[in-house]
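We did not get these values from a lab; they are worked out from the coordinates using the rules stated. Computed from a predicted structure; not experimentally measured. As a convention, Cβ positions derive from the backbone with ideal geometry for all residues, glycine included, and neighbour counts pool all protein chains shown.
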């Protein structure tokens with residue numbers, strides 16, 4: 001099977017030729033498959049009704065545009081991951097809007113013209129909306145300029161420009177939907193209530209404490225092999241408990257187990273790349289033009305003679321803004337002289353040879369007053385700014401500097417800090433500013449011109465230690481094709497081995513255990529991935545190609561639990577082997593679905609019976625601890641927090657302690673989450689007497705109301721039986 005899979009995987013050229021021959025046929029139905037969403041589920045469904053594809057696309061465009069603007073403001077690239085985020089935001093927006101629209105309709109929630117106007121203008125008890133206040137608040141009075149707002153609304157709503165008119169229509173709809181949501185949430189909030197009895201219970205649950213001594217024998221300390229569970233016991237337990245709520249499958253899903261064959265450079269690869277870098281180092285030492293040599297020979301074609309080429313040790317707070325070098329090279333670089341060549345050395349997946357071309361202080365602190373030019377090129381304006389800066393310089397001292405910052409600086413971010421910039425590097429600032437701070441004596445106050453205007457700068461602090469400025473030749477340190485092929489062949493060989501071993505085992509449970517065992521013997525780690533039918537998603541990989549491949553494998557029309565993917569999947573620097581471990585349908589579980597879980601519970605029950613019987617002969621807690629070979633744990637507990645210090649979350653144990661056990665008494669053996677417990681109550685500290693539980697009541701109300709929106713939306717989505725079919729639709733997977 002695996003060998004056939006490899007042949008198929010490598011026959012991509014043949015597949016491409018056949019695919020091209022079928023293009024004309026495929027294109028004839030492309031629109032109905034991708035554009036028209038003509039299948040039963042389309043993009044997905046809400047309350048059994050297809051999600052409107054056009055509304056979804058409009059929402060995608062809106063969220064994508066917002067994402068691109070945000071990325072641009074942060075000077076970042078808009079990535080594929082950002083696109084996926086926009087898609088998810090659009091999906092949630094459309095789905096939630098569809099769900100809430102039905103709720104509004106059923107409850108008669110509307111927003112009339114009078115209410116909308118009051119909401120928009122902050123009248124009749126409404127607070128001014130932040131998004132309105134931002135654009136229409138009078139800068140002098142701090143009051144909403146309602147005339148200006150009204151004029152803008154009239155301008156947009158009556159505009160002959162279709163785009164402007166459309167923009168207003170969309171804004172109006174958004175504000176109305178926002179108001180409906182507020183009314184709905186407020187209505188739901190009215191149903192949240194805390195009784196006086198609940199508040200009283202909460203008070204005592206938090207305030208009454210018990211000092212306890214605990215003997216606990218952890219389940220993990222007992223060897224499972226000593227507690228055999230027969231198939232007959234398991235099947236009997238299954239028949240008796242399969243309808244129990246805790247075993248019910250809440251959502252149909254499939255589990256895929258994966259393991260990785262990571263491609264890492266071999267010893268030979270390391271030797272080969274070092275030889276290449278040694279040759280490049282020799283050429284770098286002889287070259288008379290560093291920039292040309294770097295652009296010709298380096299895979300990272302970065303060169304700057306300025307302080308932007310500063311390098312810092314790996315892990316330094318500014319390592320995300322500058323080049324880095326290994327920490328153990330710090331002394332070497334800082335004591336080098338200009339012209340020194342360092343390397344080859346490894347850093348961030350690259351191997352580099354670096355030439356020291358300068359140095360810069362490792363920390364600077366300064367303050368400034370910016371006389372901004374607003375990017376003006378008018379010579380008269382620039383002369384006025386310079387004259388102002390020169391005249392202020394004559395008046396400014398280190399004692400009154402902050403006063404002049406507040407009066408004259410146009411650099412808003414620094415005004416509140418007295419104009420101070422601390423802990424910066426020369427290369428973080430524009431050249432003229434950084435150079436002044438790095439070279440002038442401490443305490444110097446002077447004027448510097450930059451693209452932003454005229455700066456009156458005081459040099460406040462400067463470290464004596466230096467960071468190097470580097471010119472570097474770099475190569476990506478990666479595995480050779482030979483090493484990559486070896487890992488691929490290793491993955492194929494292992495698949496073949498797995499296929500042979502697994503197909504010999506019919507029982508699904510035993511087959512899955514065998515898979516885990518064989519992977520463990522290979523010294524690999526199994527990663528289980530649960531994929532839910534109604535929202536199929538796979539995460540934790542470097543590309544959507546891998547995710548798509550796993551989805552197609554898990555939801556192939558012939559897929560059965562216990563099946564192995566016959567070809568490994570290439571995911572950047574690793575090959576992935578995949579095994580379909582289970583297919584679970586919503587409702588009553590099959591025997592295979594819960595066999596492992598039930599076996600664990602039966603084993604724990606047998607451990608509990610054995611240990612509790614053994615300890616029952618002892619009269620003191622100390623004797624029990626010696627017999628169980630454990631230490632007595634001391635702790636303080638409350639009913640409101642089911643945690644035992646140094647043990648963990650144990651609600652059943654805490655419940656037993658507070659169920660009437662008196663000081664000096666012991667509980668019987670308790671089967672907890674992590675083991676077998678026997679607890680002695682040493683002392684009880686009663687809660688202080690009080691006549692009012694008002695504080696507890698208010699805290700519980702705030703907590704409940706704070707969580708309500710997430711809770712009710714989750715409940716509404718569940719009620720609506722939302723099906724997200726986007727991924728299946730794109731991959732051509734037919735939902736069962």
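On C-alpha positions alone, give me the angle between the axis of helix 53-73 and the longest principal axis of the chain, in degrees, nearest 10.
Helix 53-73 and the main axis of the chain meet at about 50 degrees.
Quick check: convex hull of the Cα atoms in region 295-358, volume per residue, rounded to a whole Å³?
Per-residue hull volume (Cα only) is 94 Å³.
For region 109-189, how big is the tail of P(r) above 19 Å, as a whole percent of Cα pairs?
42 percent
So what is the relative contact order of region 109-189, in percent, for Cα pairs below 8 Å that sit 6 or more residues apart?
Computed over region 109-189, the figure is 26 percent.
If you find the alpha carbon centre of region 584-638 and of region 106-155, how far apart are they in angstrom?
62 Å
Compute the separation of the alpha-carbon centres of region 200-273 and region 397-431 and state it in Å as a whole number.
Going from one Cα centre to the other spans 56 Å.
Which whole-number percent is the relative contact order of the chain (Cα, under 8 Å, 6+ apart)?
This gives 24 percent for the chain.
Nearest 0.05, what FRET efficiency do residue 206 and residue 634 give at R0 = 25 Å with Cβ-Cβ as r?
Once the sixth-power term is evaluated, E becomes 0.75.
Which of the peptides 206-212, 728-734, 326-332 is most tightly packed, and how do the rest follow, going by the mean number of other Cβ atoms within 10 Å of each residue?
In decreasing order of mean packing, 206-212, 728-734, 326-332 become 206-212, 728-734, 326-332.
May I ask you to order 365-371, 81-87, 500-506 by the average number of other C-beta atoms within 10 Å around their residues, highest value first?
The densest-packed peptide leads the list: 365-371, 81-87, 500-506.
Could you work out the mean projected area of the convex hull around the alpha carbons of region 364-462, in square nanometres to one decimal?
5.8 nm²
Can you tell me the 0 to 90 degree angle between the C-alpha axis of helix 146-157 and the longest principal axis of the chain, rounded to 10?
80 degrees
Quick one: Cα centre-to-centre distance for region 34-95 and region 322-388, in angstrom?
Spelled out, the Cα-based centre of one part sits 42 Å from the other.
Put one equal scatterer on each alpha carbon of the chain, apply the Debye formula with no solvent term, and list log10 I(q)/I(0) at q = 0.06 1/Å to two decimals.
So the normalised log intensities are -0.69.
Could the peptides 436-448, 576-588 be put in order, highest first, of the mean number of other beta-carbon atoms found within 10 Å of their residues?
Highest mean packing first, the order is 576-588, 436-448.
For helix 162-189, report the angle its Cα long axis makes with the longest principal axis of the Cα atoms of the chain; keep it between 0 and 90° and round to the nearest 10°.
Helix 162-189 and the main axis of the chain meet at about 40 degrees.
Pulled fully out, how much extra length does the chain show between residue 169 and residue 378, if you take 0.36 nm times their separation in residues and subtract their Cα-Cα distance?
Fully extending the segment from residue 169 to residue 378 adds 71.0 nm.
Determine Rg/Rh for region 45-114; Rg is computed over alpha-carbon atoms and Rh is the Kirkwood hydrodynamic estimate from the same atoms.
Ratio value, two decimals: 1.12.
As an exercise, use a Förster radius of 22 Å and the Cβ-Cβ distance of residue 560 and residue 596 to find the FRET efficiency, rounded to the nearest 0.05.
Given R0 = 22 Å and the Cβ-Cβ separation, E is 0.75.
So what is the relative contact order of region 294-350, in percent, for Cα pairs below 8 Å that sit 6 or more residues apart?
This gives 22 percent for region 294-350.
Would you please classify the overall shape of region 176-299 from the alpha carbon gyration tensor, given that a ≥ b ≥ c denote the square roots of the eigenvalues, rounded means a/c under 1.5, and beyond that prolate means a/b larger than b/c while oblate covers the rest?
prolate
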